[in-house]
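The structure appears below as structure tokens.
The values are calculated or read from the model by the stated rules, or taken from the named source; none is laboratory data. Since the model is a prediction, treat every value here as computed from it, not as a measurement. When we count neighbours, we look across all protein chains shown, and the Cβ atoms used for this are built from the backbone with ideal geometry, even at glycine.
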Amino acid sequence: MTQADSQQLDLNSVSAPPLIGDQADVSLAQDEVRYFARERESIILKGLADDQEARNKWGERVFWLLAGWLIADFLCVCFQGFGYKGFHVSDPIIITLVSTTTVNVIGLGYIVANYLFPKSTANMEK
């Protein structure tokens, strides 16, 4: 835009939007703020309820997984020890089975316990 073009613009036709000075407009704005605050709280509460439901569901599933894993490990060791129906696995494999199962159960249990029982409620306020 050149200087000649800028001199031809009529700035009198440009106006600012009206200010909110009317009490009804202020009241309407406050109502909207309260409405959105209630909606935000409702969404936060629903999120917390969904999170609790998921914690319960997955906590129970992991519990049964760990219980089944330990039972299977126990049965393998018993079958090996008593030679049940010719069951035989070499000693290094049994040692590996017992040690890895122990590490996996402790590790998975620790992860699930930290998720189910957080150390602070700061995560829940987000």
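Among the residues of region 76-87, those identified as surrounded by 10 or more Cβ atoms within 10 Å (Cβ to Cβ) and at pLDDT below 85 are Tyr84, Phe87.
For region 100-126, taking the residues that are at pLDDT below 75, part of a helix (DSSP H, G or I) and not aliphatic (A, V, I, L, M), the one that is farthest from Trp58 (Cα to Cα) is identified as Glu125. If you go through region 71-99 and keep only what is part of a helix (DSSP H, G or I) and over 30 Å from Gly59 (Cβ atoms), you end up with Phe79, Gln80, Gly81, Phe82, Tyr84, Lys85, Gly86, Asp91, Pro92, Ile93, Ile94, Ile95.
Let's see how each residue does on (1) of a type in the set (Gly, Ala, Ser); (2) within 22 Å of Thr96 (Cα to Cα); (3) more than 19 Å from the chain's Cα centre (by Cα):
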{"residue": "Ile43", "(1), (2), (3)": "no, no, no"}
{"residue": "Ala49", "(1), (2), (3)": "yes, no, no"}
{"residue": "Ala54", "(1), (2), (3)": "yes, no, no"}
{"residue": "Arg61", "(1), (2), (3)": "no, no, no"}
{"residue": "Leu66", "(1), (2), (3)": "no, yes, yes"}
{"residue": "Cys78", "(1), (2), (3)": "no, yes, yes"}
{"residue": "Gly81", "(1), (2), (3)": "yes, yes, yes"}
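When each of Trp69, Trp64 is tested for being of a type in the set (Phe, Trp, Tyr) and touching a residue at least 24 places away in the same chain (Cβ under 8 Å), the lone residue that passes is Trp69. Scanning region 57-70 turns up no residue that is more than 17 Å from Ile106 (Cα to Cα), modelled with pLDDT under 85 and part of a helix (DSSP H, G or I). Only a single criterion out of (1) exposed (fewer than 11 other Cβ atoms within 10 Å of the Cβ); (2) of a type in the set (A, V, I, L, M, F, W, C); (3) in contact (Cβ under 8 Å) with a residue 60 or more places away in the chain is not satisfied by Leu48, namely (1).
Taking the stated definitions as given, is Ala37 small (Gly, Ala, Ser), in a helix (DSSP H, G or I) and surrounded by 11 or more Cβ atoms within 10 Å (Cβ to Cβ)?
Numbers: small (Gly, Ala, Ser): yes; in a helix (DSSP H, G or I): yes; surrounded by 11 or more Cβ atoms within 10 Å (Cβ to Cβ): no.
No: the conditions fail for Ala37.
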